[in-house]
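A short worksheet on the structure shown next.
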Amino acid sequence: MSEATIERLLGGTKVIGHSLKTEMDLYETSRIGLPKMAFLHLVSNLNFSMRSMTQLLNVAERTIQRKGDRELLDISTSEQILQIAEVFSRGSDVFESPVNFQNWMNSENMSLGGKKPIDLLPSRYGAQMILDVIGRIEHGIYS
């Protein structure tokens, strides 16, 4: 996992308020909360709609819209945003491009019970299963 890529997906230190260099930085950021602007950068960088991202987060779109750009999101939402950024960071590295990874995310996968990885992303368990499959692919294990 590349904390630098996660940081870039979220808008960088200017948006987040500090750098993400270690897993401890990710943990501490999740406990403080991410600013709404980090969410907006992630939406833009992944070419998602606001609606599709809020569905992944299990948050009402209106809840996000009411927040100011610098206002912090709650801990649960911040953790999910960081998790989504981690999945896309790692996947883009392994698949060598964000487009290739997004195509994989939207294709049924036998290692995931025939489900599309994107459909598992709203759950932390689903996200971990996606990361596990990406890890196997990275190490040349057919998945």
Original post:
Would a scan of segment 124-139 turn up a residue that is under 23 Å from residue 2 (Cβ atoms), touching a helix residue (DSSP H, G or I) at 6+ places or on another chain (Cβ under 9 Å) and outside any helix (DSSP H, G or I)?
Top reply: no
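For segment 40-50, which positions are surrounded by 15 or more Cβ atoms within 10 Å (Cβ to Cβ) and among the hydrophobic types (A, V, I, L, M, F, W, C)? Steps first, please.
Initial filter on segment 40-50 (surrounded by 15 or more Cβ atoms within 10 Å (Cβ to Cβ)): 40-43, 45-46, 48.
Selection gives 40, 42, 43, 46, 48.
Looking at 53, 24, 37, which one is loosely packed, with under 13 Cβ neighbours inside 10 Å, part of a helix (DSSP H, G or I) and of a type in the set (A, V, I, L, M, F, W, C)? Spell out how you get there, then give the answer.
Working: 53 fails: loosely packed, with under 13 Cβ neighbours inside 10 Å; 37 fails: loosely packed, with under 13 Cβ neighbours inside 10 Å.
Going through 53, 24, 37 in turn, just one is loosely packed, with under 13 Cβ neighbours inside 10 Å, part of a helix (DSSP H, G or I) and of a type in the set (A, V, I, L, M, F, W, C): 24.
Suppose the filter is in contact with an Asp or Glu (Cβ under 6 Å, 6 or more places away or on another chain) and either among the basic types (Lys, Arg) or surrounded by fewer than 20 Cβ atoms within 10 Å (Cβ to Cβ) (or both); does residue 59 pass it? So that I can check it myself, show each step before the final result.
Working: in contact with an Asp or Glu (Cβ under 6 Å, 6 or more places away or on another chain): no; either among the basic types (Lys, Arg) or surrounded by fewer than 20 Cβ atoms within 10 Å (Cβ to Cβ) (or both): yes.
No, not satisfied.
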**OP:** Give me a count of the residues in segment 84-122 that are surrounded by 14 or more Cβ atoms within 10 Å (Cβ to Cβ) and not in a helix (DSSP H, G or I).
**Re:** 6
Original post:
Within the set of pairs 6+ apart or on separate chains, which have a first residue in segment 33-50 that is under 14 Å from residue 75 (Cβ atoms), a second that is of a type in the set (Lys, Arg) and modelled with pLDDT of 95 or more, and C-beta atoms under 6 Å apart?
Top reply: 35/70
Original post:
Across segment 2-32, which residue is modelled with the lowest pLDDT among those that are under 13 Å from the mean Cα position of the chain (by Cα) and among the β-branched types (Val, Ile, Thr)?
Top reply: 5
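The values are calculated or read from the model by the stated rules, or taken from the named source; none is laboratory data. All values derive from a computational prediction rather than experimental measurement. Neighbour counts run over all protein chains shown; Cβ positions are idealised from the backbone, glycine included.
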